[in-house]
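Heads up, the thing below is written out as structure tokens.
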Amino acid sequence: MTSIRKEQLIPFILTGLVIILDQVSKAFIVANWPRPGTLIKDVFKNEFLLIFHVRNKAIAFSIGENFPQQFRQVLFVIVPILVLVALIWYYFKTTEFTNLQRWAIAGIIGGGLGNIIDRIFRSDGVVDFISVKFYGLFGMERWPTFNVADSSVVVCCIILLISMVFSGKEVPQ
């Protein structure tokens, strides 16, 4: 195993920033609009971007919402923690990642941890509050409501995948 280098640690600044921004934004929503299901604001006055307080006890697209509580705890907390631990281990083990890929992975870790924090400390579910009009694409009028952590995971995954396709290197095995 290679030793940990400074350039491997610096991207974790993004991890911390994502967690802080995610938790502060969720705390703001909960403190100011405590009742889930409350429409907070139509940002552009045309229903494109709504701030809408909802709770999600499941994962993306409310998958697993009806699972028993104990099963959800294992599937939505323990498994993601194990995946993040494996990702962090591999992050430090390999020298194959580019600098951009390291930052993308750090953003994915931050987003993952942001939602795990909610799943552990918010019994009523992960706080979601960003709702975007999707104009009927894929049969959806609105994209499922999301938060800063979700955004970080999705955007950083896209960056990671694109950078792996165009880096000229083979994807690490």
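The values are calculated or read from the model by the stated rules, or taken from the named source; none is laboratory data. Predicted, not measured: the structure shown is a model, and the values here were computed from it. Every residue, glycine as well, gets a Cβ built from its backbone with ideal geometry; the counts of neighbours run over all protein chains shown.
Scanning segment 13-46 for residues that are aliphatic (A, V, I, L, M), out of contact with any Phe, Trp or Tyr (no Cβ under 9 Å at 6 or more places or on another chain) and not in a helix (DSSP H, G or I) yields one hit, VAL43.
Per-residue answers, yes or no, for (1) over 18 Å from ILE13 (Cα atoms); (2) out of contact with any helix residue (DSSP H, G or I) (no Cβ under 6 Å at 6 or more places or on another chain):
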site	(1), (2)
VAL74	yes, yes
THR95	yes, yes
GLN101	no, no
ALA104	no, no
GLY112	no, no
ARG119	yes, no
VAL127	yes, no
TRP143	yes, yes
PHE146	yes, yes
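Residues in segment 90-115 that are among the β-branched types (Val, Ile, Thr) and buried (at least 19 other Cβ atoms within 10 Å of the Cβ) were compared, and the one that is farthest from the chain's Cα centre (by Cα) is ILE105. Taking first residues from segment 118-136 that are buried (at least 19 other Cβ atoms within 10 Å of the Cβ) and partners that are aromatic (Phe, Trp, Tyr) and not in a strand (DSSP E or B), the Cβ contacts under 8 Å between residues at least 6 apart in sequence or on separate chains come to ARG119/PHE76; SER131/TRP143. Report, ordered by the first and then the second residue, all pairs with beta carbons closer than 6 Å, sequence separation of six or more or different chains, a first member in segment 18-46 that is of a type in the set (Lys, Arg), and a second member that is at pLDDT 85 or above. Hits for this filter: LYS26/VAL127; LYS41/ILE51. Consider only pairs whose beta carbons are under 7 Å apart and that are at least six residues apart or on different chains; among these, list those whose first residue lies in segment 140-167 and is over 14 Å from VAL127 (Cβ atoms) and whose second residue is part of a loop (DSSP other than H, G, I, E, B). Taking only residues 6 or more apart or on different chains, the pairs are MET140/PHE134; GLU141/PHE134; ARG142/PHE134; TRP143/PHE134; SER163/THR98; MET164/VAL171; SER167/THR98. Restricting attention to segment 120-163, the residues being within 18 Å of ALA31 (Cα to Cα) and assigned to a helix (DSSP H, G or I) number 2. Does PHE28 qualify as being modelled with pLDDT of 90 or more, within 16 Å of ASN99 (Cα to Cα) and surrounded by 12 or more Cβ atoms within 10 Å (Cβ to Cβ)? The answer is no for PHE28.
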